Each structure stands twice: as C-alpha cells, then as structure tokens.
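No value in this document is a laboratory result; all are computed from the given coordinates. These numbers were taken from a predicted model, which means no experiment stands behind them. Methodologically, a virtual Cβ is constructed for each residue, glycine included, from the backbone with ideal geometry; neighbour enumeration extends over all protein chains shown.
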Number of protein chains: 2
Amino acid sequence: MALWNVTGARCTACGKVIPAEPDITTCPHCGGILDIEYDYDLIRESAEKNPFSARQDRSMWRYMEFLPVEGKGSRPLLRAGGSPLYRAEALGRKIGLPNLWIKDDGQNPTASLKDRASAMAVIKAQEAGRTTIACSSTGNAASSLAGNAAAAGLSTYIFVPSRAPKGKVAQLMMFGATVVLVEGSYEDTFRISAEAIDRWGWYNRNAAINPFLMEGKKTVSLEIAEQLGFVMPDYVAVSVGDGCTIGGVWKGFKDLYGAGLIDRLPRLISVQASGCCPINTAAAAGTMDWVPQEENTLADSIAVGVPRNPVKALRAISESNGVIVNVSDEEIMAAMRLLGAHAGVFAEPAGATGTAGVKKAVEMGLIEENASVVSIVTGNGLKDVANAIRAAGEPMSIKPDMDELLAAFEARGIKG
Amino acid sequence: MALWNVTGARCTACGKVIPAEPDITTCPHCGGILDIEYDYDLIRESAEKNPFSARQDRSMWRYMEFLPVEGKGSRPLLRAGGSPLYRAEALGRKIGLPNLWIKDDGQNPTASLKDRASAMAVIKAQEAGRTTIACSSTGNAASSLAGNAAAAGLSTYIFVPSRAPKGKVAQLMMFGATVVLVEGSYEDTFRISAEAIDRWGWYNRNAAINPFLMEGKKTVSLEIAEQLGFVMPDYVAVSVGDGCTIGGVWKGFKDLYGAGLIDRLPRLISVQASGCCPINTAAAAGTMDWVPQEENTLADSIAVGVPRNPVKALRAISESNGVIVNVSDEEIMAAMRLLGAHAGVFAEPAGATGTAGVKKAVEMGLIEENASVVSIVTGNGLKDVANAIRAAGEPMSIKPDMDELLAAFEARGIKG
C-alpha cells in the first residue's frame, strides 16, 4: 500500500529512488543507506487543516503527516515520545549559558530516545506482515525494541555486547526477548546479528540498515519545535554514537523546514566521547572518510568504533554548519552531576554527553554566551546505576541514633 | 494567603478543622492526620468553564482547581504526572480479565508515582518560604523529593533504610541530596528523620505527616478518570505500604465525585505483600486496630511494618467496599514477568504488586471476569535491577561466532 505522504526512499550513495515498502533495508542497487522522502506540500496542507495545538495525542504519533506509516490502525501500544522540554535556568547559569533547554528523552516507555525508533520498527514490521524482529544494539535500541514489540505481541531476538549495563539487560529479559550477550565489541555484535537475521529472515531493526528508524527518531525535533512555538533555537546538542540519532534529529528539522513550519534551521552540536570519536574526527577534518576507533568510554550507548551511519551523521554536521566537541569521561560524569543537581534530570553517561559538550563549547568559546541551546538527554540514568554511583559517590550510612547522625554530619562538615 | 478552592484541613481523628497553611503537619489539637477539604461547587464551576480537553498542560497541574496551591507562579520544574494509561488486552487475556488497563506511573520524572507528592511538597515548601526539605522514605519518595527539589533549587536531607535498592540511592546522590542510609527498618528510618527534622526545622515531606502530599498523589485518579472519559472502571488496584498512596487514590475519586465529574466510585483492590501486610490484615478483620509486622518482602517500597497512614488507608478500603488481596514474592515476580512480556511495562516489585493482586483476585473469584479494572504500576523496574534479574533470569552469552550461536540456541531449544 502506497503511503499518501511519502514519495519514495532515496539512496544516500547512488541517489536512486525506490518505493518505500515496509521491509526495505539498504539500497538494492548499491547497498547505500536509504532516506525517506516526503511530499512537503501535502504535509503542510495537513498541518494547516488540523493544527497541532488542537490534537489530543500526546505521543510522537501526533505528527502523523510527517511519518511514513499506513494509517491510524497501526499504532504501537506504548506511548513513545511526548517527552518534556525543560527551561533549565539554574543549570544554564551554572555553565554560563542563560538560554539553555533540556529535552529529557529519558522520559520514554523504556527510558531512552530509542523508543521513538522502535515504535516505528514495530509498526513497519506489522505492515510487512512479520511477527519476529531482531536487532543488535549497545543496549537502548535493544530494550526499546523488546518493550515495544512485547506490547504489540511480536517476538524479538536481541544481540548486545556483554559490556551492556545491567539495567538494560534486565529490561530485555523482563520484556521476554531472546537475548544474546556477545563477548566482543559493538562491531562484533552487529556482525553476528546481521548473519543471524540473514539466516532466519527476521525483520531487521538494525541501526542505519532500516531507513524507517530515523523517521521515528526525528520526532524528537518535531516536539522541540512545537514546544518552542516553532521558533528555532540557535543550537541543538546531541551525543553521537553510530550516527543515526544525530541524523534523525537533523532530518526532523529539515522536514519541518521543507514543509514551511519553521523559517530557519538550528546548528547542531555533535558531541562524542574523546575515547571513541570517529565521526567527529572525520567531521573536523572535513572528510567523509572516517577511520574506525577503539571503544574507550564509559558512555556505552555511544561507544561505537565502527559507526553504522556515518554518511547521514557527517552530512547533518556539515549541512547544519555544526559544532564539533569531544568530551572526556570525567567531563561526562561532571555533566551527569550538573544535570542532576541543577535540573533534576538523571541521565545515563551517553545521555549527559550532549550537555557535557555544551558546557565545553561555552568554555572554548565555540558558541556565544547569549545563544539559545537545546540539549537532548537521550537516556535515563537508571539504566546504568554502576556508572551513576561512580560519578556521584556513595552516601553516608549510620545506625538509627541521633549521636551517630551528629557525628556523621560533623565528619562531613554538614551543618543541617 | 487563603486558597480560593480550599475550605480547610480536617483532622481524621478529632474532626476539628484548621486553616490549610502551607506548613501544617498533624492536628495541633490531637496529633491526628489532616485531610484537605475543598469547595466542590467552585471546583465544578471552574471545570465547566474551562474544559479539561482544551487544556495544554500535560502534567498533574492541569487539574489546578483540584489542587491546594496558590497560583500559577508556583509550579515545579519537572513534569510530574501525565502518565499513560494502556489498554492491556494481551495481558488481560493472559490473566482472564479482558477489560484490563495499566496506568504506568513509572513514567514520571524520577520514575515513580511519588513524583506527584514531591512536586506538591516542593511547591508548599516554597509557599512556606522554606529552602530545605527533608523526608524519610523506603526510596521512591526520597528520590522524587531530591529530583523535584533539585529542579527548584531547594536543598534536601534524605533518610532511607540501608536496604534501599541501588538505583534509588544512585538517583539521590545524583540529585545532590544529603543522603543518610539508616541501618534498620523503615520505622527506625522514620524515627531518626523525625528527630532530625525537629532539631533543624526543615520542611517536612514525611508521608502522612504532611497532608498536602496526598493531594498530589490523588492526581493519578484524576488522570485515570479523564483518560477513561470520566466513565469509572469497576475496580482500581494499587499496592499498599504506609497507606498514603491508596489514601490518595481514593481521595482523587472522592473529590471527582464530590464535584460531580463522575457519577459512581470504583471499588479499590488493596494489595499487600504476604510478608508485610498490617493494613490488609486489619481491613480483613474489619478493625482500625492494626498490628505492626515484620518487613519480609522483596517489594521494598511497600515493606512497611508500621504504616504511617493506616487511618486513611483503612477508610479508603472500607468506604470503597474494597477487595483485599495479599501476594507472595513469587506472585509479585510472576506479575513483573507478565507485565513485561505482555504489556511492555517494566515494573519494580512494588510496582507490579497491584497487578499480582488483580491476577490473584480473578483466580480466587473475588472479582468478576467481565469487570473493568485499572491496575496502577507505581514505579519503574529500572529502580531495582537486582530483583528484576532475580525475577527474569540471566541471558545467554556467546563469542561472536555463528557456531556458538547455533549451539546456544540448540541448548535452549530455540528455533529462530
């Protein structure tokens, strides 16, 4: 069934356009990554006829004209999207950036931005008549797929590196997924999952391979735009791993611009961990020829030495005249503490990486002090409690006795 | 400043009414627990003039006429409330209850229902001109207070039993709270916190002591009502610890009924852990004279041997002609697996306890098969990963090699 608003899927490598069938993966001509294209006139008409402010749906599906799905019948059961955008005044003052906003995408059904992509994957798998979905992931894509598929009654096969934090693995098991921990890197995990998907013919929710995922992810940008009254901020910061999320963020803004709903585009701030930054390294050198790197960072979600979607990520950075920042694990942990103590937002390491990059960009003079900045928190800190405790420290412990409490306070210089 | 919609705070013990000042605690006459009372005519007028369906606020604050706060200026920064209500068809079929709904309150800023109470506490502390708030808690009230206070720039002193799961403690530390782990029971923790609050004069966010907290919690019922088009379900199930949550749930429905927004009240299903069920034991015996119990359950949030709010809990059960169910830890873990695999909802043990009770009530014939039931999930499973893994098991682990994968699948009887 043809989608009313979609014109096709264009290959980012050879430029050929193919029909946007629900089970397309990479380009059949050259193996390149596909990009879903829309009829922007139809989108604009629909948005004018039925204003967003009048819509009751509080999930990502409130933007139906921007999404490549067949109809209203095929919605997943979990409420993906609709996450809050916080005006982070106190945190902004702390880092010298008065106009700072935090988009807390840890507030999603399985506690990460990836729910937006997985909700889309579940719908497209159903449209394709499939009942089993598989993916490899550093963890969040996996748990979001498992949760969204469980709600829809689909089976899942999930491959994650054995380094994945316990919280993410616990989610997978609880959602009833068949979980394979792979003793190796994200690249090893991706490879064995691809072999298994080929062998058993499961629906493929692998990052980059499935062009619809990015269409789910882009809804974070549609929400940011609506939450800001369609007045764009100067910058939007996001952490970067395999490149799909920053690609999706950019796609959202480009689609809004294409449909005439915003009149300028923000610049992206692409933040990677210093210990694993192949995309930023290439972007800084002005080349598409990225080089694989080791995966040396505690931010497991973005520890991707061989990114699967460098093309879209590098284009997004280049097209948006993006700012490139790498941050150390110490800077990531400091950003976790700042987000918690001054914004009440508990982020996992990769979730705080964008904000760490914003802070550093201000310090380095890469962005102006009076700029307006939205920093996307991509995942909840509860997913990785071990690193949270590493970042925040252990509490005092006493027997239930006032003298013990007084002594503990005095030892720490706490006045009460 | 008098609140336009509030008539006063009535003592549940001696019946006297006092002004609802922001820093009231228990009854100054007899020490009884206070209950906030409203002018229902004013509430009804306001709701008629400004229909809920036209409101843009997606948090608990969309129900301003039902809430005891001064004005629009005093809102906390985090988006508490607005959690999804899922029609859980697959899970319902699994437990023989076709009309089952899950209210996922794990989708809150700090991932539990307690955010509704803590957001209220932060506002009332600000109205009282205080900058430091304290509480004792089994964990969720604490982390929600720490998060909501951090967002508002207030300091917090938090007392939790040392048994509290790591996820909850990590949240506290990350939100910059001063955290005291107490080596003892919840009762020990409550007692030392009360002494410290007296000594240092902090604003008191302790359960039951502060009558405004329940007014925050009741918003879960306002949302359920609105999400169901103000048509009440037959039953609403919730897990019970110190009694404040079930009391708040009931208060919400009673206020809606008082203001004429619903025309009948649901029956409550009060679910406790068999290893710690002082409230249900008293309710079953038809007495208000509850007896303290040991705290023997993995559901830490409701492991409360000396409940702080038995009066309101027992009245709620009695007034609603409630159903009383106790469940074992095994039944709780089974409910966690069912919620995950058939609804895509990952609950902490106490969060799944309500659903465990629903399942058992169906099996025991305590509720009819064609009844409509809303089960409230009070907290996210990511808060207690250790017990999640205990309930769901560990995944298989392989080297990145197809032969290893085939062997692992064969050993487990997985066909792919």
query = Can you run phi through the Karplus equation (6.51, -1.76, 1.60; θ = phi - 60°) for the range B:8-20 and list ³J(HN,Hα) in whole Hz, with x for Gly and Pro?
reply = x, 10, 9, 6, 6, 9, 9, x, 5, 10, 10, x, 7
note = The lysines whose Cα lies under 17 Å from the Cα of residue B:16, excluding any fewer than 8 residues away in the same chain, are B:312
inquiry  = Skipping prolines and chain starts, which residues have an amide H placed within reach, meaning under 5 Å, of the one on residue B:323, given they are 5 or more residues away or on another chain?
reply    = B:268, B:269, B:270
Value of D in µm² per second that Stokes-Einstein yields for the range A:212-341, Kirkwood Rh from Cα pairs, at 25 °C (0.890 mPa s) = 164
task = Go from 0 up to the bin containing the longest alpha carbon distance in chain A, width 20 Å each, and give me the % of pairs per bin.
result = 28, 58, 12, 1
key: Which of A:179, A:160, A:407, positive extreme of dipole for chain A (C-beta unit charges)   = A:179
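Looking at the range B:58-159, send over the antiparallel percent of its DSSP beta bridges, to the nearest 5.
Details: 3 of 8 bridges.
The antiparallel fraction comes to roughly 40 percent.
How high is the relative contact order of the range B:283-383, in percent, with contacts defined as C-alpha pairs under 8 Å that are six or more residues apart?
25
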Rule-of-thumb Rg ratio for the range B:230-298 [Cα; 2.2 N^0.38 Å; N residues] = 1.27
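If you wrap a convex hull around the alpha carbons of the range A:1-141, what volume per residue comes out, as a whole number of Å³? Mind showing how you got there, number by number?
Details: hull volume 24.7 nm³, N = 141.
It comes to 175 Å³ per residue, whole-number rounded.
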Shape category assigned to the range A:126-226 from the gyration tensor of Cα positions, a/c cut at 1.5 = rounded
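Explain nothing, just the number: relative contact order of chain A, from Cα pairs under 8 Å at least 6 residues apart, as a whole percent. If you can, show how the numbers build up before the last one.
Details: 888 pairs, mean separation 68.5, N = 416.
About 16 percent, as a whole number.
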request  = About the Cα centre of the range A:275-416, how large is the charge dipole given +1 on each Lys and Arg Cβ and -1 on each Asp and Glu Cβ? Please answer in debye to the nearest 20.
outcome  = 340
remark   = For the range A:113-195 the trypsin sites (Lys or Arg not before Pro) that pass both the DSSP coil test and the at-most-13 other-Cβ-within-10 Å test are none
query = Given B:328, B:42, B:211, which one lies farthest toward the positive end of the charge dipole of chain B, if we put +1 on the Cβ of every Lys and Arg and -1 on the Cβ of every Asp and Glu?
reply = B:42
inquiry  = Under 10 Å, Cα contacts only: if you run a Gaussian network model on chain B, which one of B:125, B:13, B:334 comes out with the highest mean-square fluctuation?
reply    = B:13
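How big is the charge dipole of chain B about its Cα centre, in debye rounded to the nearest 20, if each Lys and Arg gets +1 on its Cβ and each Asp and Glu gets -1 on its Cβ?
Details: 41 positive and 46 negative charges, 113 e Å.
Computed charge dipole of chain B: roughly 540 debye.
If each residue's Cβ is checked for other Cβ atoms within 10 Å, how do B:397, B:59, B:112, A:155 rank with the fewest at the top? Working shown, then result.
Numbers: B:397 13, B:59 22, B:112 29, A:155 16.
Lowest to highest Cβ neighbour count: B:397, A:155, B:59, B:112.
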key: Loop-located GluC sites (Glu not before Pro) in the range B:291-365 whose Cβ has at most 12 other Cβ within 10 Å (DSSP)   = B:294
query = For the protein assembly as shown, what size does the Cα cloud have along each of its three principal axes, sorted from largest down, in whole Å?
reply = 81, 59, 54
query = What residues qualify as long-range amide H neighbours of residue A:7, i.e. H under 5 Å apart, gap of 5 or more or another chain, H built at 1.01 Å from N?
reply = A:37, A:38, A:39
message = As a test of the definition: which semi-axes, in Å, follow for the range A:216-257 when you take the square root of five times each eigenvalue of its alpha carbon gyration tensor? Largest first, please.
response = 18, 11, 8
task = Counting only DSSP beta bridges with both residues in chain B, tell me the antiparallel percent, nearest 5.
result = 30
ask   = Which whole-number percentage describes the relative contact order of the range A:142-288, with Cα contacts under 8 Å and a sequence gap of 6 or more?
value = 17
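Is there a quick way to get the dipole size of the protein assembly as shown? I mean about its Cα centre, with the Cβ of Lys and Arg at +1 and of Asp and Glu at -1; what is the value in debye to the nearest 20? If you can, show how the numbers build up before the last one.
Details: 82 positive and 92 negative charges, 148 e Å.
Result for the protein assembly as shown is approximately 700 debye, rounded to the nearest 20.
Exposure proxy check: B:120, B:364 ranked by fewest other beta carbons within 10 Å?
If I rank by nearby Cβ atoms, fewest first, I get B:364, B:120.
When the Kirkwood radius is taken over all Cα pairs of the range A:62-160, what Stokes-Einstein diffusion coefficient follows at 10 °C and 1.306 mPa s, in µm²/s? Let's see the in-between values first.
Details: Rh = 14.8 Å.
In µm²/s, the coefficient rounds to 107.
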task = Return the sequence-ordered ³J(HN,Hα) values of the range A:367-384 in whole Hz as given by the Karplus equation 6.51 cos²θ - 1.76 cosθ + 1.60 applied to θ = phi - 60°, using x for Gly and Pro.
result = 10, 7, 5, 9, 5, 9, 9, 9, 10, 8, 8, 8, x, 7, x, 5, 6, 9
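Is it possible to state the helix-based mean residue ellipticity at 222 nm for the protein assembly as shown, with each DSSP H run of 4+ residues giving -39500 (n - 2.57), the sum divided by total residues, to the nearest 500 deg cm²/dmol? What is it? Intermediate results must be reported in sequence, preceding the final value.
Values: 30 runs with 326 residues, N = 832.
Calculated at 222 nm, the ellipticity per residue is -12000 deg cm²/dmol.
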query = In the range B:55-114, if every C-alpha pair distance is counted and binned at 5 Å from zero, what percent goes to each bin?
reply = 4, 16, 19, 18, 15, 11, 8, 5, 3, 1
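Indicate, rounded to the nearest 5 percent, the antiparallel portion of the DSSP beta bridges found entirely in the protein assembly as shown.
Working: 26 of 94 bridges.
Once the DSSP bridges in the protein assembly as shown are tallied, antiparallel ones form about 30 percent.
Are there GluC sites (Glu not before Pro) in the range A:32-105 that DSSP marks as loop and that have at most 11 other Cβ atoms within 10 Å, and which are they?
Details: sites: A:37, A:45, A:48, A:65, A:70, A:89; in loops: A:70.
The qualifying sites: there are none.
Per residue, what volume in Å³ does the convex hull of the Cα atoms of the range B:281-395 enclose? All intermediate terms of the calculation are to be shown ahead of the outcome.
Working: hull volume 13.4 nm³, N = 115.
Measuring per residue, one finds 116 Å³ for the Cα hull of the range B:281-395.
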ask   = residue A:88's amide H: which non-local residues (gap 5+, or another chain) put their own amide H closer than 5 Å, with H modeled 1.01 Å from N in plane and none for Pro or chain starts?
value = A:100, A:101, A:102
